[in-house]
Structures are given as C-alpha cells and as structure tokens.
Amino acid sequence: MGDDSASNDANAPAASTPAHPQPAHPHPAAAGEGGHVKAGKWGLIIGAIGVVFGDIGTSPLYALREAIDHARGGVGGDLAVIGVVSLAFWALMIVVTFKYVFFLMRADNKGEGGTLALMALAQHAVGRRSAFIFILGVVGAALFYGDGIITPAISVLSAIEGVKDAPGVGGRLDPFIVPVSAGILIALFLIQSRGTAKLARFFGPITAVWFLSLGLLGLYHIFDDISILRALSPHYGVQLLINDGFLGFIILGSVFLAVTGAEALYADMGHFGKGPIRIGWLYFVLPCLTLNYLGQGALILDNPEASENPFWSMVPEMIYWPMLGLATAATVIASQAVITGAFSVTQQAVQLGLLPRIDIRNTSETQAGQIFVPAVNSLLMVGVLVLLFTFQSSHNLTAAYGVAVTGTMLVNTLMAYSVITKKWKWPLWAVAGTLIPFGFIDTVFLTSNLLKIPDGAWMPLVLGAALVLLMWTWVRGTQILTTKTRKDSLPLVDLIEMLKARPPHRAPGTAIFLTSDPDVAPVALMHNLKHNKVLHEKNIILTVRTTERPRVPDDQRISMEPISDDFKKLTISYGFMEQPNVPKALGLCRKQGLKFDIMSTSFFLGRRSVIATATRGMPLWQDKLFIFLTRNAANPTDFFHIPPGRVVELGAQVAV
C-alpha cells in the first residue's frame, strides 16, 4: 500500500493510488516547541500540554452543563448530578486513559500516530490493499474536517459567553458575544499564513496555567458538598443510565463532550513521543479535569441554580475577568491546534493520492511541520463563520459536536483489529476482550450522538459525506486514467529496442521524464520523439513514490536502476508526512554515480487533457467532477519544487 508514484502528467495526483488518511489532529504546531531532539523531557511535556490537550481542556466550559441539563429531565435530584459527573469521569478513564493512552498509543507507525498512520500499519499488517481498511481511512479523514470546523466555533464561543455572568455587566455585552467571537476567529485564520512557530512556544505554558486553574477551582468547590466524591464510583453512572432508560442514552451524547479531543493523544505521538504525552495526561491533565468536574458537581449539589452555567459559576468575582481572558486564550490555542491539524491531514491526503495536488507552503525554514494550506484555511474560516452565525450559541453548537469525533474513534478501533491480530499476533480471546468493549462503547457514544441529527449533527455528516465523495471520485478517476494510459502506452523496454533499431537524432544534456508508471514509455517521451524527433544523451525515467512510512531517511531516498546505456530508472521515495522536493533529492544521486547540473537538465511532464464520456468508467456527473479537480490541481512544477525554466510540458487528450 502507498507505493504509488508521482504522476507523469500535470493533472494526476502526487501518488496515483491512495493509502491512508489521518484524521484527528496531527497538530504541526507542536514543532514550535523546539522539536524532539533538543527539547528536554519537561519541554516536551509542556509542549504536549499546550498542543495535544488543548481541545479536551476546553470541554469543562460546556460538557457538564449540557449533560446535567438533559439529566434533570429524568430522575433529577442528586443522582442526576452525581451520575453525570460519574459518567464524565469514567468516560475520561475508559476512552482516553485505557483506550488511547494504554492501548492505541502502542500501535505507532515509526513513532507516528493517528488514523493515517494506523491505516498504513493495518494495510502493512494485512500484506495487501484492503478495500475495507481503505474505506475506513477515507471516512476517518473526512470526519476530521467536520470536527475541525466545529471545534474553533464552539471553543471560542463558549469562552466569550462567560461575559453573560461577568460581574458588573448585567447582560449589556450579550449582543457582542457572536461578533467578538467571529473577530477572534477571523484574526486567527488571517495569521496562519505567517506561521505559528513563534506563537507555539507560548501554547504550553498558557495551557498549563489553564489546567492548573481548572484543578484549583475544582478543588476549592469540592468542599461545597464533599459527597460529590461518590461520583468516582461507576455505580452512580450506571444507576443513572438504568433509571433514566432512553433518556440516559441521550445523556451519553452530552457526556461524550468531556472526551472530545481524546484522539489528539494518539495523533500527536510523532511530535512529542509516547512518554511526554502519557506523563502529561496521567499526572497533570487528568487530575485537573477530574477535580474540575467534581467541583462543578459539588457546586450544583450545593446550589442547583448553578447548573445553568456551572463552570462560570465556579469563578470568584475577583478573578473573573482574568479567568475569562485565560479561557479565551486556551480556546484560541485549541482552535489553532485543530487548524494546523487540518493542514497536516490535507498534506498527507495529497501525498497519498486521496486529494488533488494543492498549494502547500512552508512557513518555517527550520521546522518541517510548519505548513500553511491557503485553500483549506479559507474553507475552514468560511465554515466556522457560517456555523457561528447559524447556531449563535455554544449550547446550540453542542448538538452538532461529537458525531465526527465518535466516528473517528470507532474507525480507529476497527482498524486496530488488523494490527493486533496480524502484527502483534494476539490470541483471539485477548483481541475480543480488548476490542469488543472499546467497540461497544464507541458505538454507544456514536449512536447517542446520532440522535442529535435533527438539532445540528447532520452538519458534520453532510460535510463528511461530501468529502468522501470528493476523495472517492479522485481515487476512482485516477485509477481509470492510469489503467487507460497503461493500455494505450508502449512498454519502455520495447521502445528502447525500437530506438536501437532506428536511432533518432541525439541532443546534448540530460532529460528527466516524470512518470507514475516506470514500466511504460512516458507520454512526454513519446511526444518528444514524435514531434521533435530527438533523444537526449542521458534519459532518466523518474518516479516519485509515497511509502507507508511517515518519513524516509535520506540514505533510502534514492533508488536507481540502469535499463540501457541511454536510460536509467530513478525512484525517489517520500513518507506520507513529507513534502516532495525533487531537486534536493536529485542532489543525493551523486553518491550513486549520477552527476548532472540541474540547470542544464530538462524536465519533461506530460499534461493530459481529460474529457468526459458517458459510455465507460464513472457516471458522467462524476467524470465532470474529476475533470474539475484535475483542472484545479496545483501545478506539478511548484508541487515538486522543479525550476520552472527547466520544464517542458507536452500534452495529450484522454477520455475517462
């Protein structure tokens, strides 16, 4: 899986057959923390707290409020409060601690985590291209974007809504909540093109102060009603679900808000390593979140009116405004992590052939993870603002939240099956004992969130379905195009024999022909011979390949195979988290005896003009969508960083 090449024409994808998408928050902002090697252990832990836990750290602003609001419609009384806090605590323990921290973080792909890495690992474990695993990966990638749009909107809005209960305001600022939130989010999206490496160094300390504040506020209010400590027993959560029946099932959808962002622990392994993430969670983030939820519960037991907005009811007047500022900063950091995660997922999807080539820019000369994707940034900003002005409040937005995250979590559980059975060789009883409980819990949370479809959960599902359609159209169209090209092409060895029999005129210098299929004569080579009637002295058939690994070391980057005196096959390999740079890679060829001056080398690209046909392949409307995608793909010259003055494009028309 993933061994597919960069295209031989300007319209095809960077990797002609896709491999594995990665949803869930890959947050390259982490690179701003100083990187793996130089940063000490504490630096990595603080960095992880800032980036990995930003999303889950904003959940106390709204999670308990929504869950208790539903629970009050059932059995009510103290059980409604204690039961909800118990469910929130055990959701953190089972979903985050047991599933992600102790189990899934073991399933790393050369140190990388997330759905993309897990899919690659699963495909490798199976030893073939599994359509089921591939579909799971595409769905996971699509769902991530739904989460990526909702998280900034609900996080920032829930913080700014704190002005409703601010001392001395009396509701006068309520009309400004949505416009101010919109202004903050617009500013956040506008600074993305400048890069966030400098800002990222402050993420960890600010978020650490935020979690410390959560813990201290919770600890202070636990003594409002110490009986809240009963919530640490799962008995009360189970009792609430049994007593409330179907309503208890609905409550679970709101309780799940407490663990949104959990998948970031797994996805961010490659940036911080397992150790710092596990230490940060077990010894700092989990205790702070637990104390805060217990404190909110105790406050509500002591003062039932506080249930309308328990988090802000906890905050003393004298520190209310500083806490509001800190909450806003924390939600902006959480939003930043999701945005940069969307950039990273897009880069990987392009590399794996799930999406057309797209303009991806580096915003840091020293940090490889610092990238900016203008098209994705614009679409996210529009999506976030539409959500903000459509739903108007964090209470309304919670209905749309959760479906994308629960879907991603279920995808991760299903794909883990192939890894633990084929790669880890676990016995069946151990597989069943691990995955069945996790799968059951994921399914229960997902179906509970699906009940919110009429209230707004349809939004991430519609967006996800549209992205799945887009990815499938690109993948299928690319496969059809590749098959047709191979059928209509001449095998390279046959062409070489023909050239020996009838030698053409020879031109001085080196010609490099980019192709996705090194076994057939590239379109550009055939056109050069047909129209220009010349063959260069040296001819290199170049294939850029995307591997199943996140990154490829330089000593494994280049593979060369002589075909004849005039032709060589050259393969450049990249990981699915790397950006191709052909000239830089060609510099490594000197070690293998291939020396040439790139400024006297001609790069030949075949540009295929695709036309739709109703008689073969995909339906006509899908053909037209594929053609639209090919026409809007980024220029391969820019994508592969080839000097524009050295490129020759030769075209052909192909029907799909």
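For region 619-647, the candidate set comprises residues that are at pLDDT 80 or above and part of a loop (DSSP other than H, G, I, E, B); within that set, the residue that is surrounded by the most Cβ atoms within 10 Å (Cβ to Cβ) is Phe640.
Please find, within region 214-224, the residue that is nearest to Trp281 (Cα to Cα) out of those that are assigned to a helix (DSSP H, G or I) and over 29 Å from the mean Cα position of the chain (by Cα). Per the stated criteria, the residue is Gly215. None of Leu301, Leu214 is in contact with a helix residue (DSSP H, G or I) (Cβ under 8 Å, 6 or more places away or on another chain), buried (at least 16 other Cβ atoms within 10 Å of the Cβ) and over 27 Å from Thr328 (Cα atoms) except Leu301.
Report yes if Leu385 is more than 23 Å from Ala404 (Cβ to Cβ), modelled with pLDDT of 85 or more and open to solvent by less than 40 Å² (accessible area, probe 1.4 Å), otherwise no.
Working: more than 23 Å from Ala404 (Cβ to Cβ): no; modelled with pLDDT of 85 or more: yes; open to solvent by less than 40 Å² (accessible area, probe 1.4 Å): yes.
Against the criterion (more than 23 Å from Ala404 (Cβ to Cβ), modelled with pLDDT of 85 or more and open to solvent by less than 40 Å² (accessible area, probe 1.4 Å)), Leu385 does not qualify.
In region 427-451, the residues that are basic (Lys, Arg) form no Cβ pair under 8 Å with any partner that is part of a helix (DSSP H, G or I) and surrounded by 13 or more Cβ atoms within 10 Å (Cβ to Cβ), whether six or more places apart or across chains.
Filtered by the rule that a residue be surrounded by fewer than 24 Cβ atoms within 10 Å (Cβ to Cβ) and over 19 Å from Ala91 (Cβ atoms), region 275-298 gives Gly275, Ile279, Tyr283. Does at least one position in region 286-304 carry a residue that is charged (D, E, K, R), modelled with pLDDT of 90 or more and either in a helix (DSSP H, G or I) or closer than 17 Å to Ala63 by Cα (or both)? Within region 286-304, one or more residues are charged (D, E, K, R), modelled with pLDDT of 90 or more and either in a helix (DSSP H, G or I) or closer than 17 Å to Ala63 by Cα (or both).
Selection of region 545-592 for residues being touching a residue at least 40 places away in the same chain (Cβ under 8 Å) and open to solvent by 60 Å² or more (accessible area, probe 1.4 Å) yields Arg545, Arg549, Arg551, Lys584.
Of all residues in region 389-405, how many are buried (at least 22 other Cβ atoms within 10 Å of the Cβ) and over 29 Å from Arg357 (Cα atoms)?
As a first pass, look at region 389-405 and keep what is buried (at least 22 other Cβ atoms within 10 Å of the Cβ): 391, 394, 397-405.
Checking the rest, the ones that are also over 29 Å from Arg357 (Cα atoms) come to 391, 394, 397-402.
Going through region 389-405 one residue at a time, the tally reaches 8.
Yes or no: Gly456 in contact with a helix residue (DSSP H, G or I) (Cβ under 9 Å, 6 or more places away or on another chain) and modelled with pLDDT of 85 or more? So Gly456 does not fit the description; no. Please work out if Ile611 is open to solvent by 30 Å² or more (accessible area, probe 1.4 Å), β-branched (Val, Ile, Thr), modelled with pLDDT under 80 and touching a Gly at 6+ places or on another chain (Cβ under 9 Å). The answer is no for Ile611.
So, in region 404-422, exactly how many residues are within 24 Å of the chain's Cα centre (by Cα) and over 19 Å from Thr151 (Cβ atoms)?
Pass one, region 404-422, residues within 24 Å of the chain's Cα centre (by Cα): 404-420.
With over 19 Å from Thr151 (Cβ atoms) added as a condition, the list becomes 413-420.
Final tally of qualifying residues: 8.
Yes/no per residue for (1) polar (S, T, N, Q); (2) open to solvent by 10 Å² or more (accessible area, probe 1.4 Å); (3) modelled with pLDDT under 85:
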residue	(1), (2), (3)
Asp69	no, yes, yes
Ala80	no, no, no
Val85	no, no, no
Val101	no, no, no
Met105	no, no, no
Gly111	no, yes, yes
Val126	no, yes, yes
Val163	no, yes, no
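The values are calculated or read from the model by the stated rules, or taken from the named source; none is laboratory data. Only a predicted model underlies this, so the values are computations on that prediction, with no experimental measurement involved. Cβ coordinates were reconstructed from backbone atoms using ideal geometry, including for glycine residues, and neighbour counts include every protein chain displayed. Heavy atoms of the whole protein, side chains included, go into the accessibility calculation; ligands, DNA and RNA do not. Shrake-Rupley method; radii C 1.70, N 1.55, O 1.52, S 1.80 Å.
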